[in-house]
There are 2 protein chains.
Amino acid sequence: MSDFALHPRLAADTAFIVDWPLCRILLMNDQRFHWLILVPRVPDASELYDLSSDDQAAAIKEASRAGASLKAWSGAVKINIAALGNMVPQLHIHVIARKVGDAAWPAPVWSATGSSIPYPDPNAVVSELSRML
Amino acid sequence: MSDFALHPRLAADTAFIVDWPLCRILLMNDQRFHWLILVPRVPDASELYDLSSDDQAAAIKEASRAGASLKAWSGAVKINIAALGNMVPQLHIHVIARKVGDAAWPAPVWSATGSSIPYPDPNAVVSELSRML
C-alpha cells in the first residue's frame, strides 16, 4: 500500500483520526452531523468491487464497527453507510450518525440545505473519537 | 430465515428479480436510474452491524457483484452503494448506476427533484436484468 495518498478534497474536508487495518478513519469537519469517512488504503480503488474479496470483507467489517461505535456514542437513531464517489473518485465510505430533527432528517445528509459548519476545534472531537472507536 | 418478509414500502416500490444466497435482488421501479435494491433475507436486521460477520461479507460481495454487472450493462460512470434506512427500517442496500447528466448527477439520487417515473413495463426490465446479473 505504499502508493496510497489521500485525495486532496478528502484531505481538505476532514481530520485524521486513526488508521485501522484497511481504512484510514477520518472525521468530516461538519458539526451538523457526526460523520466519519473511511478510506481503504488501496491505491487506485474507486468502486467497492475494485477491492479484493478479503478487502471487501474488511471494509464492511470496519464500516460496521465504526457505525456501531458511532451510534452508541452519539445516541443516533440510524447509521447511514454509503460509497458514492460521484465527485471524488477515490473510494471512500461515509458512516454517518443520524438523529431525528438533524439538518437533513429524514433525507440523506447530502440533501441538507446550507453549507457545512466546521468544528471550532476539530482536534477535540478527534481526541474524543480516538478513545471511542 | 423463515421469518423474513419484505417491508411493504419496498414491496410497493420495486419488482422482484432474483434471490441470491443472502439477498433478495429487487428493481427500483424508477426509470430515471438503473437502480437495484438488495435486501438481506435476515429477519429484524436494520443496521449492517446487525448481520453476522459472514453475512456482512456476503452482503458486500453481492453488492459488489451487482454493482459490477450493473455498471457494465448500463454504461454508467459510477456505482453508488448505500445502506440508509431513515424511512424504511428493514436493512436494504441501494446499488445505483450513475451517468453524467442523469436526473440527479452529480448529487446522490435522493437529491433529484421531481418524482420517480415508473417503467411502462417493469417485467421487461426484470427479464433483461435476470439474464445480466
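The values are calculated or read from the model by the stated rules, or taken from the named source; none is laboratory data. Model, not experiment: these values are computed from the prediction. As a convention, Cβ positions derive from the backbone with ideal geometry for all residues, glycine included, and neighbour counts pool all protein chains shown. Heads up: the accessible areas ignore ligands, DNA and RNA and are worked out on the full protein's heavy atoms, side chains in. Shrake-Rupley method; radii C 1.70, N 1.55, O 1.52, S 1.80 Å.
At a glance:
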read-out: Peptide A:74-86 - average C-beta neighbours from other chains (10 Å radius); value: 6
read-out: Per-pair calculated FRET efficiency, R0 = 22 Å: A:ALA68 and B:ASP54 via Cβ, rounded to 0.05; value: 0.85
read-out: Nearest 10 degrees, 0 to 90: helix A:122-132 Cα axis against chain A principal axis; value: 70 degrees
read-out: Solvent accessible area, Å² - A:SER74, 1.4 Å probe, full protein context; value: 10 Å²
read-out: Cα-based equivalent ellipsoid, the range A:63-102: semi-axes from gyration tensor eigenvalues, Å; value: 22, 12, 6
read-out: Dipole magnitude of the protein assembly as shown, debye to nearest 20 (Cβ charges: Lys/Arg +1, Asp/Glu -1, about Cα centre); value: 340 debye
read-out: Mean Cα-pair separation over length for chain B, i.e. relative contact order, pairs under 8 Å, 6 or more apart, %; value: 28 percent
read-out: Heavy-atom surface of chain A, accessible at 1.4 Å and reported per residue (Å²); value: 44 Å²
read-out: Chain-alone versus full-assembly comparison, the range B:30-59, residues with accessible loss of at least 30 Å² (1.4 Å probe); value: B:GLU47, B:LEU48, B:TYR49, B:GLN56
read-out: The range A:55-133, dipole about Cα centre (Lys/Arg Cβ +1, Asp/Glu Cβ -1), debye to the nearest 20; value: 260 debye
read-out: Alpha-carbon centroids, the range B:37-73 and the range A:1-43: separation in whole Å; value: 23 Å
read-out: Surface share of carbon and sulfur [accessible, 1.4 angstrom probe, percent] for the range A:1-123; value: 53 percent
read-out: Pairs of lysine residues in the protein assembly as shown - Cα separation under 27 Å, sequence separation of 8 or more or cross-chain; value: 16
read-out: Compactness of the protein assembly as shown - radius of gyration and Dmax, Cα, Å; value: 17.8, 55
read-out: Measure of compaction for the range A:1-68 (Cα Rg per 2.2 N^0.38 Å); value: 1.10
read-out: Principal semi-axes in Å for chain B [√(5λ), Cα gyration tensor, largest first]; value: 23, 16, 15
